[in-house]
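First comes the structure, then the notes that go with it.
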Amino acid sequence: MTAHTCNWGILATGGIATTFTKDLLTDPKSRKVDDIQHKVVAVASSSSVERAKAFISEVGADPSQCNAYGSYEEFVKDDKIDIVYIATPHSHHYENALLCLEAGKNVLCEKPFTINEKQSAHLVKVARQKNLFLMEAVWTRFFPITIAIQKLLHEDKVLGKIHRVYSDLSMAFKPDPKHRLYAPELGGGALLDLGIYPLTWQMLLLYQHPDNKKSVPKVTSSLMKTPLTGVDEYTTLILDFEGVHAQGIVTSSLSVKTSEAYCVHVQGEKGSLSIPWATYRPESYVLTLKDEQGKLGQPETKVFEIPGHGMFWEADACARGLRDGKKELERCSLDESLLTMRIMDQVRYSNDFRYPENLEAVRSDA
Ligand SMILES: NC(=O)C1=CN([C@@H]2O[C@H](COP(=O)(O)OP(=O)(O)OC[C@H]3O[C@@H](n4cnc5c(N)ncnc54)[C@H](OP(=O)(O)O)[C@@H]3O)[C@@H](O)[C@H]2O)C=CC1
Ligand SMILES: O=C1OC[C@@H](O)[C@H](O)[C@H]1O
């Protein structure tokens, strides 16, 4: 069978663009994939064409097969591109994705999709009008371990009724008002950068639970701003999923690292399942079941190998989706991206946290 080739354009040349593109260029056979292969055919840097050329060399792309651009506007005109991966700061996702969609390009945009739901909804509207593929790059959703955990809980029901899911992603960053994580003008703060991951686990484990029937959770929350720049430093969400009659507790912070014990902890009537570090890149789970007397037995750990960073699985899924004429993927559906943005909006706005007006705005044709 001839493998289907997916031609990628990389928009921006920073940290995650480097990680994603190196993963894209790993040998698919290393993850037992033979129906897909990826090529990087264009790279754009808003800094300079020299930066784009340097990036192409740094990631090991073939410069003879890959066009370098010093402007995103020129880059999106490149008709060799099948799909664009957007890797700019949160503040720029909305405009960058519109630029790509309006140029007729399919888009995989880093998380969080945009600054707020109305911007994401505008992207969805344009993608659907132009019959283009669009997805938020919530890469964790595509890990084999993530799919296995959902099967364990939803189909095999190893824990029986689920009572509660705790999930957290917190990291002790060095406070720097210029860094994208602290800068309001770049969409800084814990929730959109980190909190989206523990919130995604709630969507995967409780919102998607068959008994929940996709009922939207009631959300209460608290948020504490950093005195340094006023972005959110600590956030706590409580999600009541009435459909499955279970509660989710979601936390994130810029100032303290997630407990070593677990990033995700699921409590059910028959025991518990924990996922150790990292919330965004799970490598194992620990299942502890009760015996007939209801006493907790020995924990059993299952490890899943990751032949690289792990960003190739979402890329493989996008490539298969394009090959098969899909415009979105159920595993990371546009509706769930919109609901996730809606919940994060609710947390920010109900706790009096808004980004600068120009960042929260949508275009007049939204
Ligand atoms: N999935 C994951 O595991 C991760 C995802 N991310 C997401 O990726 C996005 C980028 O994060 P990261 O790679 O760490 O960020 P970086 O700061 O490392 O890179 C951002 C790049 O965006 C471009 N850019 C364009 N305009 C600006 C601007 N005004 N200020 C700064 N950079 C600008 C620059 O590239 P150029 O000059 O070439 O245009 C810059 O290098 C974020 O939305 C984040 O949420 C981040 C880390 C991990
Ligand atoms: O997506 C992410 O994952 C890990 C963090 O270090 C990073 O800030 C965040 O954007």
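The values are calculated or read from the model by the stated rules, or taken from the named source; none is laboratory data. Not measured: the values here are computed from a predicted model. Because the Cβ atoms are built from the backbone with ideal geometry, glycine has one as well, and the counts that use them run over all protein chains shown. To get the accessible areas, we keep the full protein, side chains included, count just its heavy atoms, and leave off ligands, DNA and RNA. Shrake-Rupley method; radii C 1.70, N 1.55, O 1.52, S 1.80 Å.
K130: free of Cβ contacts under 8 Å to residues at least 40 places away in the same chain and away from ligand 1 (no atom under 16 Å from the Cβ), yes or no?
yes
What residue, among those in region 109-125 that are in contact with an Asp or Glu (Cβ under 7 Å, 6 or more places away or on another chain) and not in a loop (DSSP other than H, G, I, E, B), is most open to solvent (accessible area, probe 1.4 Å)?
It comes out as E117.
If K174 satisfies all but one of (1) part of a strand (DSSP E or B); (2) without any contact (Cβ under 8 Å) to a residue 40 or more places away in the chain, what's the number of the condition it fails? Checking K174 against (1) part of a strand (DSSP E or B); (2) without any contact (Cβ under 8 Å) to a residue 40 or more places away in the chain, the one that fails is (1). Taking the conditions (1) within 12 Å of ligand 1 (Cβ to nearest atom); (2) under 21 Å from E73 (Cα atoms) in turn, L123 satisfies each one other than (1). On the stretch given as region 126-138, residues that are within 16 Å of ligand 2 (Cβ to nearest atom) and in a loop (DSSP other than H, G, I, E, B) total 1.
Quick grid of which residues meet (1) loosely packed, with under 13 Cβ neighbours inside 10 Å; (2) among the hydroxyl-bearing types (S, T, Y); (3) under 20 Å from the mean Cα position of the chain (by Cα); (4) farther than 30 Å from Q37 by Cβ:
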site	(1), (2), (3), (4)
E269	yes, no, no, yes
A315	no, no, yes, no
R323	no, no, no, no
S333	no, yes, yes, no
L338	no, no, yes, yes
D352	yes, no, no, yes
V362	no, no, no, yes
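So which residues in region 26-57 are within 18 Å of F312 (Cα to Cα) and acidic (D, E)? Listed by number, the residues that qualify are D27, D34, D35. Restricting attention to region 51-99, the residues that are away from ligand 2 (no atom under 16 Å from the Cβ), part of a strand (DSSP E or B), aromatic (F, W, Y) and open to solvent by less than 40 Å² (accessible area, probe 1.4 Å) total 0.
Conditions (1) over 26 Å from M341 (Cα atoms); (2) β-branched (V, I, T), marked per residue:
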| site | (1), (2) |
| --- | --- |
| T226 | no, yes |
| E233 | no, no |
| V250 | no, yes |
| V266 | no, yes |
| G271 | yes, no |
| Y280 | no, no |
| E292 | yes, no |
| L296 | yes, no |
| G308 | yes, no |
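Among the residues of region 233-254, those identified as in a loop (DSSP other than H, G, I, E, B) and over 21 Å from the mean Cα position of the chain (by Cα) are E242, G243, V244, H245.
Would you check if K32 is more than 16 Å from ligand 1 (Cβ to nearest atom) and open to solvent by 60 Å² or more (accessible area, probe 1.4 Å)? For K32, the condition - more than 16 Å from ligand 1 (Cβ to nearest atom) and open to solvent by 60 Å² or more (accessible area, probe 1.4 Å) - is met.
One line per residue, one yes/no per condition, for (1) in contact with a helix residue (DSSP H, G or I) (Cβ under 8 Å, 6 or more places away or on another chain); (2) small (G, A, S):
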| position | (1), (2) |
| --- | --- |
| D291 | no, no |
| T301 | no, no |
| P307 | yes, no |
| S333 | no, yes |
| T340 | yes, no |
| R348 | yes, no |
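Against the test of being in a loop (DSSP other than H, G, I, E, B), open to solvent by less than 40 Å² (accessible area, probe 1.4 Å) and more than 16 Å from ligand 1 (Cβ to nearest atom), the options G230, G310 yield a single qualifying residue, G230.
Criterion applied to V84, V33, V107, V76 was being of a type in the set (V, I, T), at pLDDT 95 or above and farther than 24 Å from G310 by Cα, and the one residue passing it is V76. Among the residues of region 126-173, those that are open to solvent by 50 Å² or more (accessible area, probe 1.4 Å) and more than 30 Å from P299 (Cα to Cα) comprise R128, Q129, K130, N131, F173. The set of residues in region 180-200 that are more than 10 Å from ligand 2 (Cβ to nearest atom) and open to solvent by 10 Å² or more (accessible area, probe 1.4 Å) comprises P184, E185, L186.
Residue pairs whose Cβ atoms lie under 8 Å apart, separated by 6 or more positions or on different chains, with the first residue in region 292-308 and more than 21 Å from I145 (Cα to Cα) and the second of a type outside the set (V, I, T) and open to solvent by 50 Å² or more (accessible area, probe 1.4 Å), are L296/L289; L296/K290; G297/L289; G297/K290; G297/D291.
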